[in-house]
Amino acid sequence: MQKPQIKPRIPNFSSGPCAKRPGYDVSQLDLSSLGRSHRSALGKKILGACCAETARILGLPSNYRVAIVPASDTGAVEMTMWSMLGARGVDMLAWESFGSGWVTDVMKQLKLPNARKLEAGYGDIVDLSQVNFDNDVVFTWNGTTSGVRVPNGDWIPDDRKGLTICDATSAVFAMELPWEKLDVVTYSWQKVLGGEGAHGMLILGPRAVERLESYSPPWPMPKIFRMTSGGKLNESLFKGDTINTPSMLCAADYLDALQWCESVGGVKGTIARSQANLKVIEDFVAAHPWISFLAKDPETRSNTSVCLLLDLAEDKVKAMLKLLEAEGVAYDIGAYKDAPAGIRIWCGATVEKSDLEALMPWLAWGYAQVQ
Ligand SMILES: Cc1ncc(COP(=O)(O)O)c(C=O)c1O
């Protein structure tokens with residue numbers, strides 16, 4: 001087989017940190033806040049804008065709040081679980097590594113007595129009709145390590161008693177989210193908009209705030225997780241008054257990413273870009289019998305972290321990935337360490353469709369080389 005002539009212009013297909021937006025230029029960031037206090041008027045204005053612009057561009061309901069919190073998406077999920085769980089039973093849903101990590105937190109660290117696990121293996125999803133919404137429910141919208149997502153929010157009732165706590169880090173800005181059905185949503189800048197790690201975004205609906213103000217868990221709460229003071233929500237946290245010091249460089253980078261999102265048509269535009277990217281892979285898979293989606297049901301197929309199985313032994317997959325990396329055509333596309341051997345290609349909004357189109361012949365070439 002002939003070596004393809006065209007290489008992806010940007011060969012960055014990692015599932016996080018993800019490719020920077022097209023045209024990204026670090027020297028173009030507004031760095032006026034560097035070297036200044038994050039508590040200065042300027043610092044607060046920039047951090048407040050990160051929250052307010054997020055709410056505006058995502059089209060959040062007016063009674064939803066947005067905060068920047070420490071420790072990336074993990075920080076946002078864990079501060080939520082530590083702050084809100086224990087008031088009622090909890091259903092923990094997992095079908096890949098990150099969801100399983102939250103199960104471990106609840107079972108082994110928080111040791112909640114009324115916790116129920118609903119788990120499925122890589123490629124599958126749990127039976128969503130079995131979820132008990134009298135309980136709180138913790139789940140991942142898009143399982144980044146298996147490329148399996150919930151198909152929609154229809155399975156979540158409007159009159160639920162428990163809270164829905166959704167880790168949507170590889171979904172926000174790439175998938176339609178039914179905000180009113182989600183009481184807590186978390187994500188990190190490093191995913192769909194190609195921002196930086198380290199900071200988490202925490203979106204709270206009114207029912208989550210009500211929980212925070214009416215329930216105080218029996219365990220100690222580190223300062224870094226505290227969202228209330230004297231039983232009242234710390235409202236300033238949701239205006240950019242962060243718990244501790246954030247990176248103002250990362251904040252500037254995030255505002256740049258949000259501006260880019262608007263320039264491509266807002267969240268509708270970023271969703272469309274991601275879906276068009278998935279289509280490139282779907283067409284390739286349909287034409288090649290040796291490659292298939294790990295997600296068994298097309299309804300649950302991720303349009304961001306696209307996980308693929310090859311009919312190759314693990315060592316051959318590794319050899320193929322090495323070849324593609326050496327050719328400078330695909331970086332970081334190996335399956336997650338705990339997932340079945342295969343490849344994972346990020347199709348989020350910052351990846352150019354033309355780069356995926358250029359990558360596909362290289363996959364065929366790499367496969368032929370190692371076979
Ligand atoms: C579904 C999911 N949850 C949590 C995380 C952890 O994110 P972070 O490293 O931003 O804390 C990731 C990272 O890939 C993820 O995909």
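The values are calculated or read from the model by the stated rules, or taken from the named source; none is laboratory data. Owing to the predicted nature of the structure, the values given are computational and were not obtained by experimental measurement. Note: ideal-geometry Cβ built from the backbone for every residue, glycine included; neighbour counts use all protein chains shown.
Remarks
- For Ser292, the test of being closer than 15 Å to Val148 by Cα, without any contact (Cβ under 8 Å) to a residue 24 or more places away in the chain and either surrounded by 15 or more Cβ atoms within 10 Å (Cβ to Cβ) or touching a strand residue (DSSP E or B) at 6+ places or on another chain (Cβ under 7 Å) (or both) is passed.
- Only one of the numbered conditions (1) in a helix (DSSP H, G or I); (2) within 14 Å of the ligand (Cβ to nearest atom); (3) of a type in the set (Val, Ile, Thr) is violated by Ile165, and that is (1).
- Among residues of the stretch 136-151 that are at positive phi, those with a Cβ under 8 angstrom from a residue that is modelled with pLDDT of 95 or more and near the ligand (Cβ under 10 Å from one of its atoms), sequence gap 6+ or separate chain, pair up as Gly147/Ser305.
- Just one of the listed residues (Gly348, Gly328) is buried (at least 19 other Cβ atoms within 10 Å of the Cβ), of a type in the set (Gly, Ala, Ser) and either modelled with pLDDT of 95 or more or not in a helix (DSSP H, G or I) (or both), and it is Gly348.
- Residue list for the stretch 138-161, filter: among the charged types (D, E, K, R) and within 16 Å of the ligand (Cβ to nearest atom): Arg149
- Condition check for Asp127 on (1) within 16 Å of the ligand (Cβ to nearest atom); (2) among the acidic types (Asp, Glu); (3) surrounded by fewer than 17 Cβ atoms within 10 Å (Cβ to Cβ): one failure, at (1).
- Checked against the criteria, Gly194 counts as farther than 20 Å from Leu93 by Cβ, at pLDDT 95 or above and touching a Cys at 6+ places or on another chain (Cβ under 8 Å).
- Qualifying residue in the stretch 69-87 (condition: surrounded by fewer than 17 Cβ atoms within 10 Å (Cβ to Cβ) and hydrophobic (A, V, I, L, M, F, W, C)): yes
- Cβ pairs under 7 Å, 6+ apart, first in the stretch 64-79 and within 12 Å of Ile203 (Cα to Cα) and assigned to a loop (DSSP other than H, G, I, E, B), second more than 7 Å from the ligand (Cβ to nearest atom) and hydrophobic (A, V, I, L, M, F, W, C): Tyr64/Ala55; Tyr64/Trp179; Tyr64/Ile203; Tyr64/Leu204
- Pick from the stretch 285-315, criterion of a type in the set (Gly, Ala, Ser), touching a Lys or Arg at 6+ places or on another chain (Cβ under 9 Å) and assigned to a loop (DSSP other than H, G, I, E, B), ranking: farthest from the ligand (Cβ to nearest atom): Ala295
- Residues within the stretch 95-124 that are away from the ligand (no atom under 16 Å from the Cβ), assigned to a loop (DSSP other than H, G, I, E, B), at negative phi and free of Cβ contacts under 8 Å to residues at least 40 places away in the same chain, tallied: 4
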